[in-house]
Amino acid sequence: MSGLHLLGCGSALPGEPVGNERLADRLGLSSAWVETFIGTRTRHFAVDLDSGRVRWTLEDLCTDAADRALADAGTEASEVAFVVLATATPDALMPTVAALLADRLGLDGAAAYQIQSGCSGALQALALADALLAARPDRVGLVVGGDVCSKHLDLDQDFHRLPPDALVNYVLFGDGAGAVVVGGRPRPGSRAVLGHIEHRLAGPGLPPGQRVEWYGTAELSGALRSGTPPGPAVTEDYKAVEHRVPLLARAERDDLLAASGWPPETVGHLLPPQLSGRMTARLASELRAGFEWEPVSCVAETGNNGNALVLLQLERLLPKLDPGRRALVLAVESSKWIRAGCTVEAPHG
């Protein structure tokens, strides 16, 4: 079976899950507002909510997820030819988290690539891995996606004065990492085959739906001199997300069905875009209307941890995917409107 062969999965979520009551108490908000408006029940944070101290770096989380994926695949680190890592929130601009991860795993001589992206990043990383393995199908690679969003959120402010489009970021996002071991050929114990991996720009002329800033020393010093603080680190047009994501997800679903030639009734599972608990549940219902597709989602328990999401969904999918069964993966990135997806099929017997 041609395609990208998935050999093992792993994930890492920092600390204990933070429920809505705990988070609402810290922010001085109503937990009912969080549950009604966002619908995410828990999330994990790499920073301590009380002190703001960073407890886990992205490098830490990616290393844990990668270790678990390698163990799940029964693959030694010495077999890995390359790492492709996707993130929107690297620990530093240089060195890359991909290079630091390869070093911590002992991947001497391996290639290390890092993709800067949002919710479509894991699929971009899988597409790059697929291209690398097409040239050398005998090799094994490691694809990792993760984000530490909480480090961009200022916990020392009056949250009652924040507008809703800024406040939503404090309850929507979480931190975490996911990893998969992939190969160009099937191996004993191969779990699934990923096909038709694609990503494409889908919002020509549209303003970005999300922006994450990276302030340098000169910018911060200039802001201090002028007395004008820099703007928020994360901004999101939540209404635009609610409007456009369903449209782009439906287009991606239809393109994947056409490209694969799969009749809809042969698909058993749908991995919908992960936004918030409420939006994802509604979106999954719309996308599977008329079909007996079981949705596979994680965001209501993990929070929106960006580049980790697709890989966390795949980890949840595999135990459900009986031999010969099929699934569709959909992702939409609002930063500059990218739609992405792939097909998943379990080997027969």
Evaluate the following for Ala71: is it over 25 Å from Tyr170 (Cβ atoms), touching a Gly at 6+ places or on another chain (Cβ under 8 Å) and surrounded by fewer than 20 Cβ atoms within 10 Å (Cβ to Cβ)? yes
For Pro188, the lone unmet condition from (1) under 30 Å from Ser30 (Cα atoms); (2) without any contact (Cβ under 8 Å) to a residue 12 or more places away in the chain is (1)
Can Ala300 be described as open to solvent by 10 Å² or more (accessible area, probe 1.4 Å), free of Cβ contacts under 8 Å to residues at least 12 places away in the same chain and assigned to a helix (DSSP H, G or I)? no
How many residues does the stretch 83-117 hold that are open to solvent by less than 40 Å² (accessible area, probe 1.4 Å) and among the hydroxyl-bearing types (Ser, Thr, Tyr)? 3
Restricting attention to the stretch 170-177, does a residue exist that is of a type in the set (Asp, Glu), at pLDDT 80 or above and more than 28 Å from Cys9 (Cα to Cα)? no
Conditions (1) assigned to a loop (DSSP other than H, G, I, E, B); (2) more than 23 Å from Asp237 (Cα to Cα) -> Lys336 fails only (2)
For residues in the stretch 47-60 being surrounded by 20 or more Cβ atoms within 10 Å (Cβ to Cβ) and touching a Ser or Thr at 6+ places or on another chain (Cβ under 9 Å), which is nearest to Asp138 (Cα to Cα)? Leu58
Taking the stretch 249-263 and keeping only residues that are over 23 Å from the mean Cα position of the chain (by Cα) and either surrounded by fewer than 15 Cβ atoms within 10 Å (Cβ to Cβ) or without any contact (Cβ under 8 Å) to a residue 24 or more places away in the chain (or both), one is left with Ala258, Ala259, Gly261, Pro263
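The values are calculated or read from the model by the stated rules, or taken from the named source; none is laboratory data. Predicted model only: the values in this text are computed from it and were never measured. Ideal geometry is used to build each Cβ from the backbone, glycine not excepted, and the neighbour counts take in all protein chains shown. These area figures cover heavy atoms from the full protein model, side chains too; ligands, DNA and RNA do not enter into them. Shrake-Rupley method; radii C 1.70, N 1.55, O 1.52, S 1.80 Å.
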